[in-house]
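The values are calculated or read from the model by the stated rules, or taken from the named source; none is laboratory data. All of these numbers come straight from a predicted model, not from anything done at the bench. Note that we place each Cβ from the backbone using ideal geometry, even for glycine, and neighbour counts take in every protein chain shown. These area figures cover heavy atoms from the full protein model, side chains too; ligands, DNA and RNA do not enter into them. Shrake-Rupley method; radii C 1.70, N 1.55, O 1.52, S 1.80 Å.
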Amino acid sequence: MNKNSFKKIALAKGEINLYDFGGVKLHAYRTNDFLADEVFIVEKEGQAVIIESPCFFDNDRELEEYIAGTGLTAAGLLLAYHMAGGGFMPGVRRYATKRADEYGHSGGGRALIDNFTGAFGAAFDSAIH
């Protein structure tokens, strides 16, 4: 994959790097938040699988608006590292391995969420998936 071959789409806060592989597209959302997070959207035939979720409310809304503007249908949200951002894409089915689920709800991922909630306050989407 040529990491430098993409279309850059500026949003109000973050940005999308859109990679087009023909039948599949990858939307890499750079949140430009305090944590410099990224969320990935894999698109094929009008369906989207979202990998991870943003952690701040302004990014939640921005990415939801972007996805709606593409006309894509979110088929699922894959969670692996943290379970924060529970307010993102309500109604979209969430998937995680058993290990990721345990880490995010009662392990180190949960500790991160608790600490970030204290550090960032009301801007941080501490709702758990």
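If you check Leu26 against the conditions, is it surrounded by 15 or more Cβ atoms within 10 Å (Cβ to Cβ), of a type in the set (A, V, I, L, M) and outside any loop (DSSP other than H, G, I, E, B)? For Leu26, the condition - surrounded by 15 or more Cβ atoms within 10 Å (Cβ to Cβ), of a type in the set (A, V, I, L, M) and outside any loop (DSSP other than H, G, I, E, B) - is met. Restricting attention to region 29-60 and to residues that are outside any strand (DSSP E or B) and without any contact (Cβ under 8 Å) to a residue 24 or more places away in the chain, the residue that is most open to solvent (accessible area, probe 1.4 Å) turns out to be Glu45. Here the condition is being at pLDDT 95 or above and open to solvent by 30 Å² or more (accessible area, probe 1.4 Å); of Gly14, Gly69, it holds for Gly69 alone.
For the condition open to solvent by less than 80 Å² (accessible area, probe 1.4 Å) and small (Gly, Ala, Ser), Gly91 does not qualify.
Do we have Tyr81 as of a type in the set (Phe, Trp, Tyr), in a helix (DSSP H, G or I) and at pLDDT below 95 here? The answer is no for Tyr81. Flag: Ile113 does not match the condition of being among the β-branched types (Val, Ile, Thr) and either at positive phi or at pLDDT 95 or above (or both).
Looking across region 94-129 at every residue that is in contact with a strand residue (DSSP E or B) (Cβ under 7 Å, 6 or more places away or on another chain) and of a type outside the set (Gly, Ala, Ser), the one that is most open to solvent (accessible area, probe 1.4 Å) is identified as Tyr95.
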